[in-house]
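The values are calculated or read from the model by the stated rules, or taken from the named source; none is laboratory data. Just so you know, these numbers come straight off a predicted model, no measurement behind them. For neighbour counting, all protein chains shown are included, and Cβ atoms are generated from backbone atoms with ideal geometry for every residue, glycine included.
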Amino acid sequence: MHFTEIHEGGLYFCSEQRKVTVCGQEIDLTAKEFDALHLLITNRKRIMTFETISCQVWGEEYIVSIRGVRYKFEP
């Protein structure tokens with residue numbers, strides 16, 4: 001079986017196994033935390049608004065954010 005794995009510095013991310021480790025230590029994430037991290041990692045060259053993240057992860061825009069705040073994955 002082939003897994004989609006990302007190695008960035010001490011970070012290991014596997015989307016199929018829904019597994020994240022940092023420096024070899026497994027990180028326990030909720031399903032939504034994992035989905036948000038997956039979205040940021042797979043769009044690492046982009047700066048994403050909170051609205052985009054919330055819509056992609058939660059499927060609807062019910063979370064309020066502060067205008068001008070954005071998120072980006074940087075290893």
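Could you pull out the residue among Glu74, Glu26 that is acidic (Asp, Glu), within 18 Å of Ile6 (Cβ to Cβ) and modelled with pLDDT of 90 or more? Break it down into steps so the answer makes sense when it comes.
Working: Glu74 fails: modelled with pLDDT of 90 or more.
Checking each option against the conditions leaves just Glu26.
Filter segment 16-49 down to the residues that are touching a residue at least 24 places away in the same chain (Cβ under 8 Å) and more than 18 Å from Gly59 (Cβ to Cβ), then identify the one that is surrounded by the most Cβ atoms within 10 Å (Cβ to Cβ).
Ile41
If Phe13 satisfies all but one of (1) at pLDDT below 90; (2) surrounded by 16 or more Cβ atoms within 10 Å (Cβ to Cβ); (3) among the aromatic types (Phe, Trp, Tyr), what's the number of the condition it fails?
Failing condition for Phe13: (1).
Give me a count of the residues in segment 21-39 that are of a type in the set (Asp, Glu) and within 11 Å of the chain's Cα centre (by Cα).
Result for segment 21-39: 2.
Which ones in segment 1-15 are in a loop (DSSP other than H, G, I, E, B) and either within 20 Å of Val57 (Cα to Cα) or of a type in the set (A, V, I, L, M) (or both)?
Met1, Thr4, Ser15
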